[in-house]
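The structure appears right after this line, and notes come after that.
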Amino acid sequence: MTTEEEKRLAAEAAAMLPEPGMVVGLGTGSTVAYLLPALAARRLDIRCVATSPATAQAAEALGLELEPFETLQRLDLTIDGADQVDPNGWLVKGGGGAHTREKIVAGASDRFVVVVSSNKLVAALQPPVPLELLEFGIAATLRALGDTRLRDAPRTPDDGVLADFWGPLDELERAADRLSATPGVVEHGLCRPEMVSEVLIGTAAGVQRRHVS
Ligand code: 5RP
């Protein structure tokens, strides 16, 4: 089975999770691109929050009802992809540069379901970790971080600068704390297992479900 088929399998399984009346967060990326039509085809009475302009545009074109995320305080469920998943449920997110909005939406959700192809499973998370940085003071921020390269990518929708942290990840708690505590870092792409409810993995043998927290 190809990676694309695995992504589709996981995403289509996740599309069955929303129930009428729910507020559902929609992630960003090529796996979520399979989720959107499958969800739209169910014609449920749901409201959705998009984590990127690309997802908003695709969801709207499919007839999914979008809700702005300025007044909502919580969501029932968010479904999103990931770049890496470790055996304990730690994630690297942000390959598409949308991790700040993705983490805000996931963090406000009662349930966060991650959809991946099997090649996203790793024994241990590896650098790089995507970062969104403020432009103000960016040279000082890069110096404080060390091991960080600016990404050749457009600004985020929130005017952030994308970069990648290539430093060691052998102690994930410490790395996440350090990245969060560095002034000028808007958000990093490490997600703690406490944020993740479940991982759906597309495999040749079907969808594997891994409960995380
Ligand atoms: C975007 C993300 C994506 O969820 C992650 O990069 C996985 O993308 P894909 O489904 O295309 O492999 O975090 O910021």
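The values are calculated or read from the model by the stated rules, or taken from the named source; none is laboratory data. Since the structure is predicted, the reported quantities are computational estimates derived from the model, not experimental observations. For neighbour counting, all protein chains shown are included, and Cβ atoms are generated from backbone atoms with ideal geometry for every residue, glycine included. The area values use the complete protein model at the heavy-atom level, side chains included, leaving out ligands, DNA and RNA. Shrake-Rupley method; radii C 1.70, N 1.55, O 1.52, S 1.80 Å.
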- Message: Tell me the net charge near LEU121. Cut-off is 12 Å between Cβ atoms, LEU121 excluded, with +1 for each Lys or Arg and -1 for each Asp or Glu.
- Response: -1
- Once the piece of chain linking ASN119 and ARG192 is laid out straight, how much longer is it, given 0.36 nm per residue of separation minus the C-alpha distance between them? 24.3 nm
- Could you pull out the GluC sites (Glu not before Pro) across segment 93-146 that fall in loop regions by DSSP (anything but H, G, I, E, B) with no more than 11 other Cβ atoms inside 10 Å? GLU135
- Note on the structure: Checking PRO53, PRO37, PRO154 against a Gaussian network model of the chain (alpha-carbon springs below 10 Å), the top fluctuating residue turns out to be PRO154
- Query: If you place +1 on the Cβ of every Lys and Arg and -1 on the Cβ of every Asp and Glu, how big does the dipole about the Cα centre of the chain come out, in debye to the nearest 20?
  - Reply: 200 debye
- Regression test value, accessible area per residue of the chain, probe 1.4 Å, units Å², expected 47 Å²
- Enumerate the amide H contacts of LEU75 below 5 Å, restricted to partners 5 or more residues apart or on another chain; note that Pro and chain-start residues carry no placed amide H. SER109, ASP110
- Message: Charges on Cβ only, +1 for Lys and Arg, -1 for Asp and Glu, centred on the Cα centroid of segment 117-213; of TRP166, SER118, SER180, which one is farthest towards the dipole's positive end?
- Response: SER118
- Item | Dimensionless Rg/Rh of segment 86-213 - Kirkwood Rh, Rg from C-alpha atoms | 0.98
- Query: For the chain, which whole percent of the accessible surface, found with a 1.4 angstrom probe, sits on carbon and sulfur atoms?
  - Reply: 51 percent
- Pseudo-spin-label distance GLU135 to HIS211, built 7 Å along Cα→Cβ, given in nm, is 4.8 nm
- Note on the structure: Rounded to one decimal in nm, the spacing of the 7 Å Cα→Cβ label points at LEU150 and MET1 is 4.2 nm
- Task: Considering the options ALA38, GLY202, ILE104, tell which one lies farthest towards the positive end of the dipole of the chain, charges being +1 on Lys and Arg and -1 on Asp and Glu at the Cβ, about the Cα centre.
- Result: GLY202
